[in-house]
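Read through the structure below, which is laid out as structure tokens, and then see the notes.
The values are calculated or read from the model by the stated rules, or taken from the named source; none is laboratory data. Bear in mind that the values here come from a model prediction, so they are computed numbers and not experimental data. Here Cβ is always computed from backbone atoms with ideal geometry, including for glycine, and neighbour counts include all displayed protein chains. We work out accessible area using only protein heavy atoms, side chains counted, and drop any ligands, DNA or RNA first. Shrake-Rupley method; radii C 1.70, N 1.55, O 1.52, S 1.80 Å.
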Amino acid sequence: MRPVFPPSPTRLGLALLAALSAQGLAARTAITLDGRIDSAEWADARHITDFRGVQPLTREPASLGTEAWVRSTPDGLAIAFRNHQPAGVPRLAPRGGRDNVPPADRVNVYVDFDGDGRSGYNFVVTMAGDIGDTTIANENQFNDDWDGDWQQATSEDAEGWSAEVLIPWHVAPMAQAKDGQRTIGLSLDRVIGHSNARYGWPTVSWNEPRFLSVLEKIEVPAFEQSLLAVTPYVSGLQDQVDGRFRSAAGADLFWKPNGRFQLSATLNPDFGQVESDELVVNFGATEVFFNDKRPFFTENQAYFDVGFGGLNNANRLLYTRRVGAGADDGRGAGDVTGAVKLNGSAGRIGYGLFAATEDGPAGRDFVAARASTAGEGWTSGAMLTEVKRPFLDRVSRVASFDQVWTPHDGLTVRGGLAASDIEDPTRGGRDSGGQLRIDHELGQGWRQQLYALHLGKNLQLNDFGFLERNNFNYVRYEVAKREADLPEDSRFASHQTRYAASSRYNDRGLRLFNTVAINQYSEYRDGGNRLWDVFVTGPLNDDLVLRGNGHVRLPRRVGIFAERYWARAPEGRFEHYGKLRSVNEGFDGGSRRLVELLGETTYHANDRLRFTASLQLIDNPDWVIWRGGNALGQFAGQQTFLSAGTTWQIDAKQELRVRLEAIGLDAEARALWRVAPGGVASRTAEPLDDFALRNLGFQVRYRYQIAPLSDLYIAYVRGGSLFQESQDGFSLGDEFGNAFNLRDSEQLLVKLSYRFTI
């Protein structure tokens, strides 16, 4: 038995010193999130002061002093901002609620937790304490559907304002750290509300072709956090039209056992009844894109956001609104039983899996699997999707590959390939498509871009993805000039002018049309902006309007578009937006033109209460609409769209929103045209009826935030739609009021959700 000696005074002293040192280290590590920057808390943080102009992109030092501190702590990535703003500089601090950030003094944190440019996150904090968060994919594609679990605090004094942000490590999946260190991509910026000037570190702008991949790479001590969160919800809906009461319950689960893996699942997911889509009128041949508002389907969805099929960001390989969309048997929406999504990494390989299933004989099954990797100057990924639709005896499989290559700082090459394999008794087959985009910085504000796209005529992506059209070939070349060094006495802070030429063919060799265009986007020094665009096309061959029954020849088009935003003055109450569009669209060429006017005004009663109203008028005397087979109806159409609403931030936890939308549309029949093989249309004497459309959407929504990501909603919703055909005609002025009498649906909804963390 070894002898036991009593501790000596020296040993006691050393032990006490070690304990005190540990307590001191813990004290330095802990940060009290109160919006007040304590020098002791941030003593060992990285201090950043080199903020420069990124909007406009002058790269000149910030005119107002801006400082930031960055620390890696066991609780998360901590960032503090000190924004110097003396009394002579106006401050804007209106309240807008989460993800509804109005023009205001604010700061942004952009983080790529793996530092490889594949995916990132943006966290916004305003001086008033409002927050917003988005995911970032494909360099500069932002999606604000996502809501993360993070903390912030702000404070204000005579010399400026401060913000502290804490982003927990469980907010996103991350690759394995090396030697206790993690390399992340980071960018910070500060926006001056009254002028919309933006100062950032490093000097990068999301308006440039490369953003996510050029964030500043910094090393921080690596920490990990585990999290298990369950968010059950219950809802009750009273239908005032049929007198029925319906209840529902479900739950979302989020589990992150370590930094490299996370899983989320949902059972009977909420369909976002508290968030309604905007009313639209669409008689065209292409589908309208809507964002997804269901929490599960927005959680860490950026990994699956692979754009494909056009310059429009709506085109993508995975469109979550397909899950639970209109059922294949035509009996309402699909009933989503459950879904699961996981993200993780193994070495340099990132991976993700998405699966969802619907109930009933018309229920569909959705599966997507994605893997990606990155190296010095390149990233690549691949994805497989499958959708089984037993009611239609249809199975859709899509495989895709995407890559970004940056041989040097001024050149970025993006490419993608997709192939579909469809088992279907009527529309089966295989086909493929590809896209290529080359962005080249030429220096002195000049840059050029080449974009090419091929979509095979049998390529089918819309079982799970969103593709506006297939059977398409497109090439576009653009050169752009940025001017940010304008004279001090100029009303403008910057201009960016683009010159573009493009050509479109379908996959059968039919030239659709060629276009040349010029546009300019300008920023005013008072925070406003404007855009104008002029384009000319050659004669058109429209191969979509007849819905597969051939194509029709149409005259060349000349179009103009202009929009203007007037920012709210520092001491003012109003902000305004206006839009003008004019183009010829039908058979008559330039003699009859569509004219669209839109005006919107927002009145700020105070920083918590604002009212918005807009009126849109469209006069289209040469409106061409498909009437079945090879028939096209020519109408003189008039449309009125009224939108009004209010947002009241009652306090930090309570919000009330009211929104009204009404549409009145009247179309006077002019002639029915028949299209012969070869695309030549001939006017006939066949009868054609006038038609009218009325739509109404009205919502009152109250929200009480119980805790982060835990809310009580009370919503009253009323809506309706009426379509009429007649030979007697309609009067838009007399009939528009009928929209307010529509009552196809009237519902009162109460929903409660609460997030439990374990």
Assigned charges on the beta-carbon of Lys, Arg, Asp, Glu; the range 20-179 dipole about Cα centre (debye): 280
Reachable aspartates and glutamates from residue 217, criterion Cα separation under 16 angstrom, eight or more residues apart if same chain: 50, 112, 114, 116, 139, 189, 376, 409
Å³ per residue enclosed by the Cα convex hull of the range 358-500: 157
Geometric extent, Cα atoms of the range 650-691 - Rg, Dmax (angstrom): 23.3, 65
Cβ-based charge dipole, the chain, positive-most Cα from 391, 415, 714: 415
FRET E, pair residue 712, residue 84, Förster distance 41 Å, beta-carbon r, rounded to 0.05: 0.55
Environment charge of residue 388, counting only residues whose C-beta is closer than 12 Å and scoring Lys/Arg +1, Asp/Glu -1: -4
Label-to-label distance, nm, for residues given as residue 227 and residue 367 (7 Å Cα→Cβ offset): 2.9
For the range 436-479, radius of gyration divided by Kirkwood radius, i.e. Rg to Rh on alpha-carbons: 1.18
For the range 643-716 versus the range 165-216, the gap between their alpha-carbon centres in whole angstrom: 37
The range 488-557: relative contact order in percent, alpha carbon pairs under 8 Å with at least 6 residues between: 26
Residue 293 accessible area, assembled protein chains, probe 1.4 Å, Å²: 80
Order by protection proxy (mean Cβ within 10 Å, highest first), peptides 457-470, 559-572: 457-470, 559-572
Cα-based helix-to-principal-axis angle, 9-29 vs the chain, degrees rounded to 10: 20
Neighbour cut-off at most 12 other Cβ (10 Å), DSSP loop, trypsin sites (Lys or Arg not before Pro), the range 521-556: 547
Burial order of peptide ranges 364-375, 531-542, 682-693 (average beta-carbon count within 10 Å, highest first): 364-375, 531-542, 682-693
Calculated P(r) tail over 17 Å for the range 670-720, as whole % of Cα pairs: 67
Dipole-positive endmost among 626, 672, 658 within the range 616-758 (Cβ charges, Cα centre): 658
Ratio Rg/Rh, restricted to the range 592-652 and using Cα atoms, in which Rh is the Kirkwood radius: 1.30
Shape call, the range 456-530: gyration tensor on alpha carbons, a/c limit 1.5: prolate
The chain, accessible surface, carbon-and-sulfur percent (1.4 angstrom probe): 54
Euclidean distance between Cα centres, the range 25-95 to the range 522-569, Å: 41
Estimated dipole of the chain in Debye, rounded to 20 [Cβ of Lys and Arg +1, of Asp and Glu -1, Cα centre]: 1000
Mean residue ellipticity (222 nm) of the chain, computed from DSSP H runs ≥ 4 via -39,500 (n - 2.57), nearest 500: -1000 deg cm²/dmol
Kirkwood hydrodynamic radius of the range 507-625, from inverse mean 1/r over distinct Cα pairs, in Å: 17.1
FRET efficiency, 1/(1 + (r/R0)^6) with R0 41 Å, evaluated for residue 179 and residue 288 via beta carbons: 0.20
Computed lengthening from residue 219 to residue 99, 0.36 nm per intervening residue step minus Cα-Cα distance: 40.2 nm
Average accessible area per residue (Å²) across the chain - probe 1.4 Å, nucleic acids and ligands excluded: 45
Cα coordinate range in the range 209-345, projected on the principal axes (Å, largest first): 60, 39, 24
Cβ-based net charge around residue 374, under 11 Å, with every Lys or Arg adding one and every Asp or Glu removing one: -2
Equivalent ellipsoid semi-axes - Cα gyration tensor, the chain, angstrom: 47, 31, 29
Where Rh is the Kirkwood radius over Cα pairs, Rg/Rh for the range 92-192: 1.00
